[in-house]
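Colleague: Attaching a single structure in structure tokens format; questions to follow.
The values are calculated or read from the model by the stated rules, or taken from the named source; none is laboratory data. If you're wondering where the values come from, they're calculated on a predicted model, not measured in any experiment. Here Cβ is always computed from backbone atoms with ideal geometry, including for glycine, and neighbour counts include all displayed protein chains. The area values use the complete protein model at the heavy-atom level, side chains included, leaving out ligands, DNA and RNA. Shrake-Rupley method; radii C 1.70, N 1.55, O 1.52, S 1.80 Å.
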Amino acid sequence: MSKSEIKELTELFRNDWTDIQQIAIENNLEINNTYLFSFIESENEKETCLFYTLGKGFFLYEKKYDSSFFNAVDKNEIENEFPQVQTVVDIEQFDSW
């Protein structure tokens, strides 16, 4: 996933996707300081979101059927599944992506 895709997801998250915003708010993430690094929705209604918040790090949200999980995750734990986490080093230049 490229920086432009992360930027597009983040802009959709911040401006349009109120259901995803609500997940962030319920877990004490400020919308304007949070970036959406991944959003996956499967046909069987499973959702996965990978958030990054300045000063707090990465958070993984997973919804499966009737249960959901929201946990802080270490970059090293998730970089194989989400290689785009490597771009976090450039997050301060987000506006120019």
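Colleague: Inside the stretch 59-97, can you point out the residues that are of a type in the set (F, W, Y) and under 14 Å from L9 (Cβ atoms)?
Modeller: Scanning the stretch 59-97 gives Y61, F82, F94, W97.
Colleague: Among the residues of the stretch 31-67, what is the count of those that are of a type in the set (D, E) and in contact with a Ser or Thr (Cβ under 7 Å, 6 or more places away or on another chain)?
Modeller: Of the residues in the stretch 31-67, 1 are of a type in the set (D, E) and in contact with a Ser or Thr (Cβ under 7 Å, 6 or more places away or on another chain).
Colleague: Looking at the stretch 7-57 only, could you name the residues that are open to solvent by 90 Å² or more (accessible area, probe 1.4 Å) and closer than 18 Å to Q84 by Cα?
Modeller: Within the stretch 7-57, E8, E41, K56 qualify.
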